[in-house]
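The values are calculated or read from the model by the stated rules, or taken from the named source; none is laboratory data. Computed from a predicted model, the values in this text were never measured in an experiment. Glycine also receives a Cβ, built like all others from the backbone with ideal geometry; neighbour counts cover every protein chain displayed.
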């Protein structure tokens with residue numbers, strides 16, 4: 001990509017909340033090397049065990065699913081990433097092999113950059129390197145909280161947590177996901193997940209459609225969820241908001 005920032009890249013500057021935190025001087029280092037792409041559903045960003053050569057910043061509507069498969073071919077989602085974050089080559093230097101696969105769970109736009117170029121930029125800008133280190137902390141917190149949630153809370157609460165997180169990433173109340181995909185994300189059987197979804201529908205929280213789940217009452221879904229959703233959301237806001245040091249107070253100025 002040339003040094004000129006394309007209109008499509010500039011237009012998406014605030015479509016991804018992670019890089020939207022960058023001030024102009026840091027954004028100007030990153031932006032000329034970003035490329036705009038539209039991803040289709042189930043498009044593979046990288047595969048488990050392969051070198052990660054590109055980093056992807058989902059923008060409004062696009063969601064990436066990080067998935068792990070076992071030797072028997074069973075697949076489980078470990079987390080999903082939308083406009084709040086990035087997938088691939090976040091803190092590694094060089095083309096490290098991917099521990100998970102990354103697949104587009106919801107289609108949409110994204111900004112991408114090669115892993116090698118991102119590493120070069122991080123060496124130039126301590127702020128950009130710090131941004132990704134802080135995001136790595138947030139991503140780890142999300143995965144650890146989900147692990148604790150899966151062990152401690154019932155499936156209805158976990159479904160509510162997952163729906164709220166996906167809704168945040170989509171920016172809309174209609175979630176295009178099959179019940180099979182949701183069951184796989186939660187690590188439960190489809191019949192069991194379907195019964196719990198039906199229960200939530202009966203309570204007026206959601207409406208089930210073919211290949212989609214519509215949130216009818218987000219406030220009620222939040223009340224029905226466990227505290228894990230809010231814990232991760234608040235941690236992310238606190239960690240990322242501290243990227244730049246606060247300005248000195250008037251009392252400390254000469």
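What do you reckon, is residue 142 within 17 Å of the chain's Cα centre (by Cα), more than 15 Å from residue 216 (Cα to Cα) and buried (at least 17 other Cβ atoms within 10 Å of the Cβ)?
Values: within 17 Å of the chain's Cα centre (by Cα): yes; more than 15 Å from residue 216 (Cα to Cα): yes; buried (at least 17 other Cβ atoms within 10 Å of the Cβ): yes.
Against the criterion (within 17 Å of the chain's Cα centre (by Cα), more than 15 Å from residue 216 (Cα to Cα) and buried (at least 17 other Cβ atoms within 10 Å of the Cβ)), residue 142 qualifies.
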Requested in this report: Go through the range 117-144 residue by residue and tally those that are in contact (Cβ under 8 Å) with a residue 40 or more places away in the chain and assigned to a helix (DSSP H, G or I).
Outcome: 19
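State yes or no: is residue 239 farther than 20 Å from residue 65 by Cα and either modelled with pLDDT under 90 or in a helix (DSSP H, G or I) (or both)? Write out each step before concluding.
Values: farther than 20 Å from residue 65 by Cα: yes; either modelled with pLDDT under 90 or in a helix (DSSP H, G or I) (or both): yes.
Yes.
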Query raised in the report: Is one or more of the residues making up the range 215-236 surrounded by 11 or more Cβ atoms within 10 Å (Cβ to Cβ), assigned to a helix (DSSP H, G or I), touching a strand residue (DSSP E or B) at 6+ places or on another chain (Cβ under 7 Å) and touching a residue at least 60 places away in the same chain (Cβ under 8 Å)?
Result: yes
Query - Candidates 147, 69 - the one that is out of contact with any helix residue (DSSP H, G or I) (no Cβ under 8 Å at 6 or more places or on another chain), surrounded by fewer than 21 Cβ atoms within 10 Å (Cβ to Cβ) and touching a residue at least 12 places away in the same chain (Cβ under 8 Å) - result: 69
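Yes/no per residue for (1) at positive phi; (2) surrounded by fewer than 16 Cβ atoms within 10 Å (Cβ to Cβ); (3) touching a strand residue (DSSP E or B) at 6+ places or on another chain (Cβ under 6 Å):
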residue	(1), (2), (3)
11	no, yes, no
18	no, no, no
21	no, no, no
25	no, yes, no
28	no, yes, no
31	no, no, no
35	no, yes, yes
48	no, yes, yes
58	no, no, yes
Query raised in the report: How many of the residues making up the range 109-121 are more than 26 Å from residue 174 (Cβ to Cβ) and in contact with a helix residue (DSSP H, G or I) (Cβ under 7 Å, 6 or more places away or on another chain)?
Result: 3
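Condition (residue is part of a helix (DSSP H, G or I) and within 17 Å of residue 83 (Cβ to Cβ)) applied to the range 149-158: is it met by at least one residue? I'd like the intermediate steps shown before the answer.
Taking the range 149-158 and keeping what is part of a helix (DSSP H, G or I), we get 149-152, 155-158.
Remaining after also requiring within 17 Å of residue 83 (Cβ to Cβ): none.
No, because not a single residue in the range 149-158 is part of a helix (DSSP H, G or I) and within 17 Å of residue 83 (Cβ to Cβ).
Within the group 136, 106, 96, which residue is touching a helix residue (DSSP H, G or I) at 6+ places or on another chain (Cβ under 7 Å) and either within 29 Å of residue 176 (Cβ to Cβ) or in the same structural domain as residue 28 (by TED's automatic domain parsing) (or both)? Spell out how you get there, then give the answer.
Working: 136 fails: touching a helix residue (DSSP H, G or I) at 6+ places or on another chain (Cβ under 7 Å); 96 fails: touching a helix residue (DSSP H, G or I) at 6+ places or on another chain (Cβ under 7 Å).
So the residue among 136, 106, 96 that is touching a helix residue (DSSP H, G or I) at 6+ places or on another chain (Cβ under 7 Å) and either within 29 Å of residue 176 (Cβ to Cβ) or in the same structural domain as residue 28 (by TED's automatic domain parsing) (or both) is 106.
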Report task. Have a look at 47, 53, 83 and point out the one that is in contact (Cβ under 8 Å) with a residue 40 or more places away in the chain, more than 19 Å from residue 171 (Cα to Cα) and in contact with a helix residue (DSSP H, G or I) (Cβ under 9 Å, 6 or more places away or on another chain). Result -> 53
Query raised in the report: If you go through the range 188-206, how many residues are surrounded by 15 or more Cβ atoms within 10 Å (Cβ to Cβ) and in contact with a strand residue (DSSP E or B) (Cβ under 8 Å, 6 or more places away or on another chain)?
Result: 5
